[in-house]
Amino acid sequence: MLKAPESLAAPVAATKPYSATHHGKSFDDPYFWLKDPGYPEVKDEEILGYLKEENAYFEQVMEPEKALTDKLFEEIKGRIKEDDVGVPWQEGKYDYRWAFAEGTQYRIWYYRPRTENPFEGEGWQVLLDENVEAKGKEFYKLGSLTVSPDGKYLAYSADDNGSERFTAKVRNLETGEDLGDSIEETSGEIVWDSASTSFAYVKVSAEWRPYLVNRHTLGAAEDQKIFEEENTSFFVHIRATSSDQYLIIRSADHVTAENHMVPLDDLSKAPECFAVRRDGHDYYVDHGGQALYVRSNKGHRNFCVYEVQTGGISEDHWIPVIEGSDTRYLHGMQVFDGFLAVQDRLDGLDQIYIWRGGKGSYVEFPEPVYEVGLGGNAEAAQKFVRLAYSSMTTPPTVYDWDIETGALTIRKEQEIPSGYTKENYASERKMVTARDGTQIPVSIVYHKDWKKGSGAPLHLYGYGAYGLGMSPSFSSARLSLLDRGFAYAIAHIRGGDELGYGWYEAGKLERRTNTFNDFVDVARALSDEGYCAEGGISISGGSAGGELMGAVVNQAPELFAGCVMHVPFVDVLNTMLDADLPLTPIEWPEWGNPIESAEAYDTIADYCPYSNVKAKDYPPMMVTGGLNDPRVTYWEPAKWTAKMRATKTDDNLLVMKINMGAGHGGKSGRFERLWEVAEEYTFVLKAFGLNKEK
């Protein structure tokens, strides 16, 4: 096991009395003080001092491995095409594309007057240079980037500290100057009206809840309210339909939705509701120029698609056109002028289903196991569907599928400048029997020289929450592990939606522990079947996947040689008991409401990673967080680290790194992100004693 260096003293967080009682049950939390009462502003000097101590310790521990981290960084960076160019697209009056200039951290966005063929010719002008916008900022993330229908104005939004509070601005494209219009505290979403005189946006509350849709008229001092959500457990998002004729306002938690529609040629009209919210009814709406379509779970939990007949938009006007089933999961949809493209998952395998003229067919792809989804399809009138494709051995590829001929045209395959030979790698998909008899899919990739039963290390990744399935996709960074003899596996555990909506339901609320048990059972099976030596598995996960990491090291620490926990949601009980946190009310349908329900309290208390840290040996751990993270607040990884250090009985390495100027996704520049991956891989290699490279 990777030991903590004896020459360095790890930080020790202070303990302070705190206890709480719910449903007649009490718990003590001596690290509760690490939550700054002034959050989202963090100014408490004692808290900041502790976080800085942890960061300093992390740097000290990692300093002797800097040569390895540098090497990994250069390897990973060498697989990134520095002067990369995206696939162009057409929308309205213009052609668009993005590009990276060599050595830059952020994209440059270009446009030009619409041409006959967007793939040929010159004349591109800079629309927005993110590098200019990000200059002098520790963090920068672009939200929306949208040109008005008349082509005169650019509306864009950006977050410059990782808090996911975006400021919206407007630029005159004729002069290149920003107007005085600046709107702070937005979700980042912007939708223009048809006349190019105003746009809709979403305000976020002080608690970071997107709740209010406003209309901003260019040059106006005051904005008009379009829609306000008063239920604190629902978040509001907006988008234009594919036809650009309607604004769709979607208010939803994780299981229930309500959609309203406003014509973009008159944003002053009252929003019109499709189906009034009722518990468990989730649905999505789109319009492609000829008709409205709804993807809804009211007829089957794996969703069906309905056409909205003329005469109204309420549910009695919905006519089913595509049926879901127990083996067929309709998890995405875009409406074009004359046809539908549906993101389908058939027996757990990604598919694209085209429905046209009352008939449907699947797009065929060159590999048996892969990841595919709808790409950027900007216009409903286009006669092709842009698709994003990859597999565990095929780099990300952009295809255009022709609606008339059925031909797939490769528009771009991710180039790996340092070289990549697909034939040097192999992947497989296997099923593991969980302790309750359920079959759990696992995707595995390795170098062709890897041998089963050789005792080579294995890295296992998982997520398993919110119905967000982890598809068998490509990672160029991952090659640094595969080329060092690792196998890499993804456990498609319950809580995701890999095998349909029921797969998600089987890993939430009172069945949440299925997710953790599945991961542990996959790890045991891979070890037993020779994919690694006993105890020869490193693991990683982020956010809810970080919660997974905490739960599995509590359950079976002996299985793992090392654990990486990114922005881990480990303090589930405290967070779900705090209704003032921005994400808590919307999260109750996912985890349960321990304030109202004694049963939910007991369930969460039984598995909450932070609550269940015990005096026993744990594997080496690397923990990360972001001071400005509104999703998993910084004190969750900080409290976990403090309690783990004080409680565990081993002397294995435990380090934590808190990004003091970033949020949930870590640092923002493309190379800074790669450095953080290199740090993670350095830790993993150290855990296996493989850090002494020549």
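The values are calculated or read from the model by the stated rules, or taken from the named source; none is laboratory data. Computed from a prediction, not measured in an experiment: that's the story for all the values here. We place every Cβ from the backbone using ideal geometry, glycine too, and count neighbours over all the protein chains shown. Note: accessible area is taken over every heavy atom of the protein model, side chains too, but ligands, DNA and RNA are not part of it. Shrake-Rupley method; radii C 1.70, N 1.55, O 1.52, S 1.80 Å.
Suppose only helical runs count, i.e. DSSP H with n ≥ 4. What mean residue ellipticity at 222 nm does that imply for the chain under -39500 (n - 2.57) per run, divided by all residues and rounded to the nearest 500 deg cm²/dmol?
So the helix-based figure for the chain works out to -5500 deg cm²/dmol.
Give a quick list of trypsin sites (Lys or Arg not before Pro) in region 248-280 that DSSP marks as loop, anything other than H, G, I, E or B, with at most 11 other Cβ atoms within 10 Å.
Passing both the DSSP loop test and the Cβ count: Arg278.
Compute, for region 153-268, the length of the dipole vector about the Cα centre, with Cβ point charges of +1 (Lys, Arg) and -1 (Asp, Glu) only. Units Debye, rounded to 20.
Charge dipole of region 153-268: 160 debye, to the nearest 20.
Report the extension gain between Arg524 and Asp436 in nm, rounded to one decimal, defined as 0.36 nm multiplied by the number of residues separating them, less their alpha carbon distance.
My answer for the length gained is 30.2 nm.
Would you mind telling me the share, in percent, of accessible area of region 55-151 contributed by carbon and sulfur at probe 1.4 angstrom?
That fraction is 48 percent.
Counting Lys +1, Arg +1, Asp -1, Glu -1, what net charge surrounds Tyr284 among other residues with beta carbon under 11 Å of its beta carbon?
Taking every Cβ under 11 Å from that of Tyr284, the sum is +1.
When only DSSP loop residues count, what trypsin sites (Lys or Arg not before Pro) in region 126-198 have their Cβ near at most 16 other Cβ atoms within 10 Å?
Answer in residue order: Lys135, Lys137, Lys152.
Expressed as a whole number of Å, what is the distance separating the alpha-carbon centroids of region 16-75 and region 366-421?
With region 366-421 and region 16-75 each reduced to a Cα centre, they are spaced 42 Å.
Out of region 1-61, which GluC sites (Glu not before Pro) are coil in DSSP terms and have no more than 12 other C-beta atoms within 10 Å?
Taking region 1-61 and a limit of 12 other Cβ atoms within 10 Å, the loop GluC sites (Glu not before Pro) found are Glu6, Glu41.
If Lys and Arg each add +1 and Asp and Glu each add -1, what is the summed charge of the other residues whose beta carbon sits under 15 Å from the beta carbon of Glu404?
That works out to 0.
Accessible area per residue, 1.4 Å probe, Å², for the chain: what's the number?
40 Å²
Between Glu133 and Arg673, what's the calculated FRET efficiency when r is the beta-carbon distance and R0 is 22 Å? Round to 0.05.
0.80
Semi-axes of the equivalent ellipsoid for region 40-84, please: Cα gyration tensor eigenvalues, times 5, square-rooted, ordered largest first, whole Å.
Rounded to whole Å, the semi-axes are 32, 18, 4.
Residue-wise, which Karplus ³J(HN,Hα) couplings in Hz belong to region 109-116, taking 6.51 cos²θ - 1.76 cosθ + 1.60, θ = phi - 60°, and x for glycine or proline?
9, 10, 8, 7, x, 4, 10, 5
Please name which of Gly311, Val342, Thr327 has its Cα lying farthest along the dipole of region 292-342 towards the positive end, using unit charges on Cβ (Lys, Arg +1; Asp, Glu -1) and the Cα centre as origin.
Most positive-ward Cα: Thr327.
What does the net charge come to around Gly496 if you take all other residues with beta carbon closer than 12 Å to its beta carbon, with K and R at +1 and D and E at -1?
Once all neighbours under 12 Å are counted, the net charge is -1.
Based on the Cα gyration tensor of region 218-311, what are the three equivalent ellipsoid semi-axes, each the root of five times an eigenvalue, rounded to whole Å and given largest first?
So the three semi-axes of region 218-311 are 24, 18, 10 Å.
Given a Förster distance of 30 angstrom, what is the FRET efficiency for Val126 paired with Ser418, based on the Cβ-Cβ distance and rounded to 0.05?
About 0.55, to the nearest 0.05.
Putting +1 on Lys and Arg Cβ atoms and -1 on Asp and Glu Cβ atoms, find which of Leu218, Ala544, Leu654 reaches farthest to the positive end of the dipole of the chain.
Leu654
Give the share of C-alpha pairs in each 20 angstrom bin for the chain, from 0 to the last occupied bin, in whole percents, shortest bins first.
16, 52, 30, 2
With point charges of +1 on the Cβ of Lys and Arg and -1 on the Cβ of Asp and Glu, referenced to the Cα centre of the chain, which listed residue (Asn628, Ala556, Leu267) lies farthest in the positive direction of the dipole?
Of the options given, the answer is Ala556.
Give me D for region 593-679 in µm² s⁻¹, whole number, from Stokes-Einstein with Rh from the Kirkwood sum over alpha-carbon pairs, 37 °C and 0.692 mPa s.
For the chosen part, D equals 221 µm²/s.
At 7 Å along the Cα-to-beta-carbon direction for both Thr217 and Asp602, put a label point, then send me their distance in nm to one decimal.
It works out to 5.9 nm between the two label points.
Using only the alpha carbons, work out the radius of gyration and Dmax of region 495-650 in angstrom.
15.4, 48
Placing unit charges on C-beta atoms (Lys and Arg positive, Asp and Glu negative, everything else neutral), compute the dipole magnitude of the chain about its Cα centre in debye, rounded to 20.
Around 1340 debye, computed over the chain.
Search the structure for amide H atoms under 5 Å from the amide H of Asn659, placed 1.01 Å from N in the peptide plane, and list their residues when 5 or more places away or on another chain.
Hits under the 5 Å cutoff: Gly625, Gly626, Leu627.
Quick one: pull the percent of accessible area on region 569-676 belonging to carbon and sulfur, 1.4 Å probe, ligands and nucleic acids left out.
48 percent
Over region 213-260, what percent of the accessible surface lies on carbon and sulfur atoms, probe 1.4 Å?
42 percent
Taking the Cα centre of region 595-694 as origin and charging only Cβ (+1 Lys, Arg; -1 Asp, Glu), how large is the dipole, in debye to the nearest 20?
Value, rounded to 20: 500 debye.
Restricted to Cα positions, what overall size does region 7-109 have along the principal axes? Three whole-Å values, descending.
Between the extreme Cα coordinates on each principal axis of region 7-109 lie 62, 46, 26 Å.
Want the number for Asp347 to Thr197: 0.36 nm per residue separation, take away the alpha-carbon distance, what's left?
Stretched fully, the Asp347-Thr197 segment lengthens by 49.3 nm.
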